[in-house]
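The values are calculated or read from the model by the stated rules, or taken from the named source; none is laboratory data. All of these numbers come straight from a predicted model, not from anything done at the bench. Ideal geometry is used to build each Cβ from the backbone, glycine not excepted, and the neighbour counts take in all protein chains shown. Side chains included, ligands, DNA and RNA excluded: accessible areas come from the protein's heavy atoms. Shrake-Rupley method; radii C 1.70, N 1.55, O 1.52, S 1.80 Å.
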Amino acid sequence: MYHKLSKQKGCDSLKITLNKIESGEDELIINYREMTDEVKEILRVAEGGGEKIPCVCGETKYMLPVGSILYAESVERMTFLYTADGIFQSSRSLQSLELLYAGRGFFRCSKSMIVNIYRIAGLRSESGGRISAVMENGESVIISRSYAKAFRRELRGEE
């Protein structure tokens, strides 16, 4: 079975080719010109990015995909996870989220907040050395002055 799909995104396209094999080892090959956010997302999923975090919204319990989280905030010792679809409460601390998912784009941007850098749509410099990150859903998150330098290094891929 052979599938060929093309996804239009602006003037770029993502060509997807699937080949069903009868025997042998499954293999994923990613050819790319530039390491874009889309390629990074595909790589995260391929590396097991389907991990989910247990949380609640109202009386309903959910298993929230890590990649869907735009940012997390701690308010009065409670952790809230913000997605494009809503706000969820988690029993995990910001520190544990930061440690577990730093390699997946979670970055501490203030004392009480972590942002998913892969879900940032735009950046704007603010007064006092702060950075405003506009998320995919249009909300703004402030990267505080004390974290701004590390944030710039993270975006450049430096350690």
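Placing unit charges on the Cβ atoms only, positive for Lys and Arg and negative for Asp and Glu, gives region 47-137 a dipole magnitude near 200 debye about its Cα centre.
When 60, 83 are compared by accessible surface with a 1.4 Å probe, the order from highest to lowest is 60, 83. Computed from the C-beta positions of residue 30 and residue 68, the FRET efficiency with R₀ = 30 Å rounds to 0.85. Distance between the pseudo-spin-label points of residue 95 and residue 51 (7 Å out from Cα toward the beta carbon): 1.8 nm. Shown for the chain are no DSSP H helices, since none reaches 18 Å along its axis, judged by Cα atoms, with a mean Kyte-Doolittle hydropathy of at least 1.6. Every helix of 4 or more DSSP H residues in the chain counts as -39500 (n - 2.57), and over all residues that averages to -5500 deg cm²/dmol at 222 nm.
The label point for residue 150 and the one for residue 132, both projected 7 Å from the Cα toward the Cβ, are 2.4 nm apart.
Evaluated with a Cβ-only charge set (Lys, Arg +1; Asp, Glu -1), the chain carries a dipole of roughly 500 debye about its Cα centre, given to the nearest 20. Answer with a single label: of [x] 16.8; [y] 17.6; [z] 15.7, which was calculated as Kirkwood radius over Cα pairs in Å from the structure in view? The value computed from this structure is option [y]. Our summary gives region 115-159 a relative contact order of 26 percent, counting only alpha carbon pairs under 8 angstrom and 6 or more residues apart.
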